[in-house]
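So the structure is just underneath, and the comments pick up after that.
The values are calculated or read from the model by the stated rules, or taken from the named source; none is laboratory data. What you see is a predicted model, and the numbers here were worked out from it, not measured in a lab. Heads up: the accessible areas ignore ligands, DNA and RNA and are worked out on the full protein's heavy atoms, side chains in. Shrake-Rupley method; radii C 1.70, N 1.55, O 1.52, S 1.80 Å.
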Amino acid sequence: TLADPTSFEEPLLDTAISVVIDSSGGLASIMQLGLGIVGGADDVLTKCIDAAKECWLTSRREVYGVP
């Protein structure tokens, strides 16, 4: 699993999942490109959503100074 793959790494991946978090920290969208996740898909999706929410919180603090 790679979070935010580089342009070199991206073509090597079987699947890419994009998670969009809205301005209130809620889940706005999920998009998957590729062959799909085999086995444990719920666990992978949960980890992706959790990572996106953590990234949203971090950027909110660092960019806007909001606690």
**OP:** Would you mind getting the accessible area per residue of the chain, heavy atoms of the protein chains only, 1.4 Å probe, in Å²?
**Re:** 79 Å²
Subject >> Among (1) 20, 11, 10; (2) 24, 14, 10; (3) 26, 16, 10, the entry that matches semi-axes √(5λ) of the Cα gyration tensor in Å as calculated here >> reply: (2)
Original post:
With all protein chains present, how much of the accessible area of the chain (probe radius 1.4 Å) comes from carbon and sulfur, to the nearest whole percent?
Top reply: 57 percent
